[in-house]
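FYI, it's all coordinate maths here, none of it is from the lab. These figures come from a predicted structure and were not determined experimentally. So basically every Cβ, Gly included, is an ideal-geometry build from the backbone, and we count neighbours across all protein chains shown.
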Amino acid sequence: MVKADDVAEMTRMLESTWYGPEIERASSLYSPPELLEVALNRHIVEINKIVLETVPFSGKLAIRAYLLKWDIHNIELILSSKLLGVQSQRQSLFWSLVETFLQEYLQEIFHMTK
């Protein structure tokens, strides 16, 4: 990764790893560097889902609390950037990612509590 000349090359290097499926799915909608960010975020969501599915019932609350800590941190960053008037091209991408993530995350939580 250090030897990569740019983000596109990093993305190509990661296509042969376990990030490959996420890169392939996101490649029709995004291009580097957004492609890499989307793929890595989707992969971490999948890992979190696996953890929630495999942890014993008595540990699910602790895992959810840990994940919620990062969700709250990310929401704080979003809100503070809006309050400071920070505008970027990535905001629309970010908001669409947040919306997708929250939908999947909430569906998973509701599914787990049934």
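Per-residue 3J(HN,Hα) values for segment 13-22, derived from phi via the Karplus relation 6.51 cos²θ - 1.76 cosθ + 1.60 with θ = phi - 60°, read 5, 7, 4, 8, 9, 5, 7, x, x, 5 Hz in sequence order (x marks Gly and Pro). Only alpha carbons enter this Debye calculation for segment 11-82, each as an equal point scatterer, and the log10 of I(q)/I(0) it gives at q = 0.12, 0.14, 0.28 Å⁻¹ is -0.45, -0.59, -1.09. Look at I23, I44 and count the other Cβ atoms within 10 Å of each Cβ; fewest to most, that gives I44, I23.
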